[in-house]
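Read the structure below first, then the notes.
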Amino acid sequence: MEAIAIPKGFKVTPEQFEQLAYAEQLARMELTKDGELIVMSPTGGEAGRKNFNLYLDLGNWNRQTKLGEAFDSSTVFVLPNGARRSPDVSWIRLERWNALTLKEKLGFPPVAPDFVIELVSPSDIKNQRYEDLQAKMQEYLDNGVRLGWLIEPEAKTVEIYRFGQQVEILNNPQALSGEDILPGFVLDLSEIF
């Protein structure tokens, strides 16, 4: 089977996006608010290992606190602006998740997470997608995300996005705090850096 090259800027409707997303489920896809279809590269071994450690740390904290629901990178959220986005790791407060109907939970949940992590992969750097990730992080905030971390393992930097605040850039931090959004959550970055 020949690969399909999707040109940058290719647009589809939300309905077409849902048909594509459910058709084969071979690729991770996102849809921008303007209808641009984005096909994500498969994760390599190192990025997959790091993502798994992020899931574990957030998942373990979430199991202990029972404050919300955590999601992996295959979850597509419909943001208030109409974009369909899949953060690498995300979390929603339990009362917000429980406010959704069963139908909304089974499909692409129409809600912005409270917390997101995007992990910069080598392919993001190679394909010059870092600025796209920064714009995506700002889009998350503009749509109600309260805290977001853009983690760049190669440079050992983290950009912290907080609702209503300037982006904070940390160089080689040892750990990150979930602040008041994820009370008591601390991410040890030794498995990431």
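The values are calculated or read from the model by the stated rules, or taken from the named source; none is laboratory data. Predicted model, so just to flag it, every value in this text is computed and none were measured. Using ideal geometry, Cβ is built from the backbone for each residue, glycine included, and neighbour counts are taken over all protein chains shown.
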Residue count, segment 147-193 (criterion: aromatic (Phe, Trp, Tyr), assigned to a loop (DSSP other than H, G, I, E, B) and modelled with pLDDT of 95 or more):
1
Among Gly59, Gly68, the single one that is buried (at least 18 other Cβ atoms within 10 Å of the Cβ) and under 18 Å from Glu179 (Cα atoms) is Gly68
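Quick check, is Leu133 assigned to a strand (DSSP E or B) and of a type outside the set (Lys, Arg)?
Values: assigned to a strand (DSSP E or B): no; of a type outside the set (Lys, Arg): yes.
When the stated conditions are applied, Leu133 does not pass them.
What is the residue count in segment 17-34 for residues that are of a type outside the set (D, E, K, R) and at pLDDT 80 or above?
1
Collect the residues in segment 75-117 that are of a type in the set (A, V, I, L, M) and within 22 Å of Asp57 (Cα to Cα), keeping them in residue-number order. Working first, answer last.
The first filter runs over segment 75-117 and keeps only residues of a type in the set (A, V, I, L, M), leaving 76, 78-79, 83, 89, 92, 94, 99-100, 102, 106, 111-112, 116-117.
Hits for segment 75-117 are Val76, Val89, Ile92, Leu94, Ala112, Val116, Ile117.
With the requirement that a residue be among the hydrophobic types (A, V, I, L, M, F, W, C) and within 21 Å of Leu54 (Cβ to Cβ), what does segment 80-110 give you? Give the steps one after another, and end with the answer.
In the first step, residues of segment 80-110 are kept if they are among the hydrophobic types (A, V, I, L, M, F, W, C); the result is 83, 89, 91-92, 94, 97, 99-100, 102, 106, 108.
Passing the criteria: Val89, Trp91, Ile92, Leu94, Trp97.
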Kindly check whether there is at least one residue in segment 92-108 that is surrounded by 19 or more Cβ atoms within 10 Å (Cβ to Cβ) and either within 20 Å of Pro183 (Cα to Cα) or under 13 Å from the mean Cα position of the chain (by Cα) (or both).
yes
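Being of a type outside the set (Asp, Glu), surrounded by 13 or more Cβ atoms within 10 Å (Cβ to Cβ) and touching a Leu at 6+ places or on another chain (Cβ under 6 Å), is that true of even one residue in segment 122-131? Spell out the reasoning first.
Filtering segment 122-131 for residues of a type outside the set (Asp, Glu) gives 122-123, 125-130.
Subsequent filtering for residues that are surrounded by 13 or more Cβ atoms within 10 Å (Cβ to Cβ) retains 122-123, 125, 129-130.
Now restrict to residues that are touching a Leu at 6+ places or on another chain (Cβ under 6 Å): none.
Checked segment 122-131: no residue is of a type outside the set (Asp, Glu), surrounded by 13 or more Cβ atoms within 10 Å (Cβ to Cβ) and touching a Leu at 6+ places or on another chain (Cβ under 6 Å).
Condition check ((1) polar (S, T, N, Q); (2) touching a residue at least 60 places away in the same chain (Cβ under 8 Å); (3) closer than 30 Å to Lys156 by Cα) across all residues:
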site	(1), (2), (3)
Leu58	no, yes, yes
Lys66	no, no, no
Glu69	no, no, yes
Phe77	no, no, yes
Thr101	yes, no, no
Leu106	no, no, no
Asp114	no, yes, yes
Glu118	no, no, yes
